[in-house]
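These notes concern the structure reproduced below.
The values are calculated or read from the model by the stated rules, or taken from the named source; none is laboratory data. It should be emphasised that the depicted structure is a prediction, and the values quoted were computed from it without experimental measurement. Every residue, glycine among them, receives a Cβ derived from its backbone with ideal geometry; neighbour counts consider all protein chains shown.
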Amino acid sequence: MQLLAGEELLKRLKPHPLAFLRYWIIPIGLWVGSVLLGWLSSTDGWSGFEDSVGGITSTKVAAALVLAVIILAIWAVVGFALFFSMRRQWVFWLPVLVVGVALVFALDPPGMQTAYSYLIAVGVVAVIYIEVDRLTYSYYITSSRIIMRKAFVSVRERQVRVEHIQDLVTHQGLLGRLFNYGTIVPITQGQIGIGDEGKALMTGGGVRGPLGRAEAGAGVAVIRSKRTPTEDPADVLFGVPDPTEVKTLLAYSIAESSQVGELRRIRALLEREGIAPTVKDEKGPGPNAPSTSEGKPIPREGGV
């Protein structure tokens, strides 16, 4: 990160180690699935299920089917728990599903042993990925800007000038209060930092004809939209340690920037009116410089 002329770095932050705890539902779900597979393979009903599948590779076919069902179930639970949708995670879960089923058929150990070993391994990989992803986020607070930066393979950076911030929203859950971390959302004049949360209510009706078939119908949909602060780690100060201190630091920076901006506006207005000096040189103050009652020019201090 490169500072501007006259800019000072006040604080450098990274998300707290527990800030991404909600994403641990992914490895935990995988490990629970592996325990479930191990339990199923030890029950009396498992042999009957293998026999019902039939074929030479009945053990592997049965294991692949159960593995696929468990992965899809975890995908659905995690998707709606974190993102309210399964579509945003298909890049991760679809390869997990395809590779898992392929390994069950390709490797020599019994199908169920391969299946639950695979879920354990994917869970460990998910933990490593979550921690690496957390470390890719960096937040910089300077005397004039807030910089949110994510850098791994590609770089994504958002900058907000402190004089444009209208509000600071703080989110701190139970764990955040216990371990002193939280999320700070800087909301600007252009509503940057705000997202849409929509809810839809639909109703309808119809008219049946003589044969019981629907001949006419109508429906009404009402959509409610609410503007709420976003919590994308790339757009906010996500899960930063000691959010109260950080928010206080930002509040002082915003107040100081507002005062400086106001003084500059007053100075510009005075110069337009011909009251303040517009030219500075080594010969002294300009012809319109204000003077004392004795006619001596008032010495100028450093400009704002």
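Things worth noting here:
- Count of the range 138-178 residues which are more than 17 Å from L9 (Cα to Cα) and either touching a Gly at 6+ places or on another chain (Cβ under 9 Å) or in a strand (DSSP E or B) (or both): 15
- Those residues of the range 11-45 which are touching a helix residue (DSSP H, G or I) at 6+ places or on another chain (Cβ under 6 Å) and not in a helix (DSSP H, G or I), in sequence order: P15, L18, F20
- Residue ID - farthest from L4 (Cα to Cα), chosen from residues in the range 148-181 that are among the β-branched types (V, I, T) and surrounded by fewer than 17 Cβ atoms within 10 Å (Cβ to Cβ): T170
- For S34, the conditions (1) more than 30 Å from P243 (Cβ to Cβ); (2) touching a Ser or Thr at 6+ places or on another chain (Cβ under 9 Å); (3) modelled with pLDDT under 80 all hold with the exception of (3).
- Those helices (runs of 4 or more DSSP H) lying entirely in the range 50-136 with at least 1 residues modelled with pLDDT of 90 or more and among the charged types (D, E, K, R): 111-135
- Only a single criterion out of (1) out of contact with any Asp or Glu (no Cβ under 9 Å at 6 or more places or on another chain); (2) surrounded by 17 or more Cβ atoms within 10 Å (Cβ to Cβ); (3) of a type in the set (S, T, Y) is not satisfied by Y129, namely (2).
Quick grid of which residues meet (1) closer than 30 Å to F20 by Cα; (2) at pLDDT below 70; (3) part of a strand (DSSP E or B):
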site: A221; (1), (2), (3): no, yes, yes
site: K226; (1), (2), (3): yes, yes, yes
site: D232; (1), (2), (3): yes, no, no
site: A251; (1), (2), (3): yes, no, no
site: I254; (1), (2), (3): yes, no, no
site: E271; (1), (2), (3): no, no, no
